[in-house]
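See below for the structure under consideration.
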Amino acid sequence: MGATGFGDSVKNRLKVLRAERDWSQAELGGRLGVSRQAVNAIETGKYDPSLPLAFKLARLFDRPIEEIFDDGAGAGKAGDVA
């Protein structure tokens, strides 16, 4: 089982977004209040961030959470229940 406990971990664009800003993992971790190791674990899919941390990332990169993280389920229609 993946980091979520439900199968595969969530894919993310964190490394790309970080590289676009020329930030190290340590610098991003400092901006988020987490360790460099935590950033590395999220980038490599070993760990899925908590919801509050995902919201922090979305605010920091000024993007919707769905643009940073992809659970592979695809976009559903409004009103769909997973």
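The values are calculated or read from the model by the stated rules, or taken from the named source; none is laboratory data. Nothing here was measured: the structure is a model prediction, and the numbers come from that model. All Cβ positions, even for glycine, are placed from backbone atoms using ideal geometry, and neighbour counts span all protein chains on display.
Mind checking which pairs have a first residue in segment 46-57 that is over 12 Å from L14 (Cα atoms) and a second that is modelled with pLDDT under 95 and buried (at least 17 other Cβ atoms within 10 Å of the Cβ), Cβ under 8 Å, 6 or more apart or different chains?
K46/S9; Y47/S9
Does G45 meet the test of being on the phi > 0 side of the Ramachandran plot, under 11 Å from the mean Cα position of the chain (by Cα) and not aliphatic (A, V, I, L, M)?
On the way: on the phi > 0 side of the Ramachandran plot: yes; under 11 Å from the mean Cα position of the chain (by Cα): yes; not aliphatic (A, V, I, L, M): yes.
Yes, satisfied.
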